[in-house]
1. For a paramagnetic label modelled at 7 Å from the Cα of Thr430 toward its Cβ, which residues of the range 63-103 fall within the zone defined by backbone nitrogen distances under 13 Å?
2. Using bins 10 angstrom wide from zero, how does P(r) for the range 92-201 break down, in % of all Cα pairs?
3. For a quick protection proxy, order the peptides 131-138, 62-69 by their average other-Cβ count within 10 Å, most packed first.
4. Could you compute the net charge surrounding Lys62? Neighbours are other residues with a C-beta less than 12 Å from the C-beta of Lys62; K and R count +1, D and E count -1.
5. Pairs to check: Lys59/Lys194; Lys65/Lys302; Lys65/Lys406; Lys262/Lys302. Give those whose C-alpha atoms are more than 26 Å from each other in this structure.
6. Return the single residue from Asp56, Asp118, Asp253 with maximal mean-square fluctuation; model: Gaussian network over the chain, springs between Cα atoms under 10 Å.
7. Among Ser139, Ala367, Met427, which residue has its Cα positioned farthest towards the positive end of the charge dipole of the chain, with +1 placed on the Cβ of Lys and Arg, -1 on the Cβ of Asp and Glu, and the dipole taken about the Cα centre?
8. Below 13 angstrom from the Cβ of Leu153, what's the summed charge of the other residues (Lys, Arg +1; Asp, Glu -1)?
Amino acid sequence: MKRNEFIKKTGLSLLALGVFKWPAMAQAELESNWAGNLTYHRKELFAPKTRAELMDVVKKIKNGKALGSKHSFNTVADTTESHISLVYLNKVLELDEKNGLVWVESGIRYGTLGKWLDARGYAIHNLASLPHISVMGASSTATHGSGDKNGNLSTAVAAIELIKADGTAVLLDESNPKFYGAVVSLGALGVVYKVALKIQKRFDATQHVYEGLPMSALKDNFDKIFGAGYSVSLFTHWLDKNINQVWIKRRTDQNYEALPAKFFGAIPATTNLHPIKANSAVSCTDQMGVPGPWYERLPHFKMEFTPSNGAELQSEFFVPRKHAYQAIMAIESMHKEIYPLLFVTELRSIAADKFWMSTAYGQDMIAIHFTWKPIKDGVMKILPKIEAKLKPFGGKPHWGKISTIKKEDLAKTYPKWNDFKQLRKEMDPTNKWTNDFLRNLGLV
C-alpha cells in the first residue's frame with residue numbers, strides 16, 4: 001500500500017478543520033481504529049492544533065479521551081462522549097542537547113521523529129516493530145521493542161506536560177514520585193501535550209534473519225539466543241515445535257561475536273523475509289546484514305507501508321523472564337487450536353522499569369505476541385484458554401490489545417495497582433477521563 005493510501009486508511013489525512021470540532025466528513029474518516037476491528041462510540045471529535053486550543057477543548061468537554069494513531073485493538077482509548085485527536089500535535093518543539101533531551105508534542109510518530117533526530121546526530125534507545133505509532137500513545141500503554149537491556153518505550157520519557165481535567169497544565173519529571181504513575185497512564189489522568197525523551201548519539205544497525213530454530217533450543221540457550229543482538233525477535237506459527245524466523249538486530253558501534261553459519265540449528269535466510277513468510281518483504285526494513293540508520297532497522301516495518309498484515313487482530317501477554325520457557329511450552333501445547341487462527345506469534349524481551357502500570361514494572365519480561373487472522377469469534381474463544389495457560393506464570397496482557405483477563409487477576413500482577421487508582425482519583429476527581437475500559441478494570 002502506498003503511503004498516501006495508508007494515511008487515508010488510518011484517518012490521518014490533513015483535512016481542513018474547524019478550530020475545535022471536526023466536520024462530519026472528517027469525523028467519518030476517524031470512526032474506527034487502523035485495523036478496522038473497533039468502531040469508536042464517541043459523539044464528537046476535536047482536533048486542536050496548539051497547546052492553547054488543547055487546553056480550551058479540555059475545559060469545554062464533560063467527558064472524553066485522547067486519540068493518537070489509533071493502533072490499539074481494544075477500547076482503552078474509546079469514549080461515548082468526546083474524542084480529542086492529537087493528529088495536529090505532531091511537532092518537534094526543542095532539541096535540548098545540553099540535557100540530552102528532545103521535547104516533542106505527544107502526537108508525533110516515531111518514524112517522523114526518528115528521521116528528524118538522525119539528521120541531527122541523535123537517536124532514542126529503541127523502537128517498536130511499527131514506526132507508525134505516536135509517542136504518547138505508545139508510552140501510555142507500555143508499548144515496546146525488544147532487547148535484553150532495552151526498556152519499553154516509556155523508559156525514554158524524562159518528563160511530560162499533562163493537561164488536567166480543568167484545563168490547566170502540570171509538568172511532571174523524574175524528580176516527582178507521581179511521574180512514575182503518570183507516564184504509563186492508559187489515558188486516565190489527562191491529555192499529554194508534550195513529552196521530553198532521552199536521546200543518545202545516533203547509530204547504525206544491521207539485521208540478520210535465520211530460519212528453522214528448533215524450539216527445544218530455547219530450553220538451555222534462552223539467554224544466548226536473546227542476547228545475540230541489541231534487539232532479538234523470534235517468530236513462530238507453533239507448528240512442529242519450530243521457531244520459523246529469528247531476527248537479530250545489532251548496533252554497528254557495539255562488539256559482538258560473529259554470527260555462525262548455524263544459529264543453534266537455524267540457518268541464515270537467503271533473502272529478505274516478512275514475519276508472515278507468505279507476504280512480500282517489500283514492507284519490511286532491510287535485512288541481510290546491510291547497515292542502515294537505527295530508525296530504519298529497529299522497527300520491522302517501513303513507515304511508508306502498511307504495518308504487519310493490515311487486516312488483523314492482536315493480543316499480547318507478558319510473563320517474567322524466569323518463567324519464559326515454561327510459559328512458551330505451555331502455549332505450544334495448544335498449537336493445534338492456535339494455528340488455524342494465527343498469522344504469526346512474535347517473542348521479544350523487555351528490561352525491567354519503574355513505571356507503576358508498566359507490564360515490565362520491577363522485573364525483566366518476555367512478550368508473547370499473537371497476530372491473529374480477523375476471525376473475531378474464534379480469537380475470543382481461544383484467548384481465555386491461552387490466559388489460563390499463562391496465569392500460573394503471572395501472565396498479563398498488553399494495555400492496548402485484546403484480552404479477556406478478569407480485573408481481579410490483573411490487579412494481582414501490578415504491585416502499584418492501588419497507588420495508581422489513588423493517583424487517578426487525585427488527578428481526575430470529576431472522572432472526566434473515565435471510560436468503560438477503566439471501569440471494567442475497576443480503576444474507577
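1. Once the point is set 7 Å along Cα→Cβ of Thr430, 63-64 turn out to lie under 13 Å by backbone N, inside the range 63-103.
2. 15, 51, 30, 4, 0
3. Numbers: 131-138: 27.4, 62-69: 23.5.
Packing proxy ranking, top to bottom: 131-138, 62-69.
4. Details: positive: Lys43, Lys59, Lys60, Lys432; negative: Glu44, Glu81.
With Lys, Arg at +1 and Asp, Glu at -1, the neighbours total +2.
5. Values: Lys59/Lys194 18 Å; Lys65/Lys302 29 Å; Lys65/Lys406 23 Å; Lys262/Lys302 28 Å.
Violating the 26 Å Cα-Cα cut-off are Lys65/Lys302; Lys262/Lys302.
6. Between Asp56, Asp118, Asp253, it is Asp253 that shows the largest mean-square fluctuation.
7. Met427
8. Numbers: positive: Arg109, Lys198, Arg348; negative: Asp353.
Net charge around Leu153: +2.
Bear in mind that the values in this text are calculations on the coordinates, not laboratory data. Since we're looking at a predicted model, the values are computed, not measured. Glycine also receives a Cβ, built like all others from the backbone with ideal geometry; neighbour counts cover every protein chain displayed.
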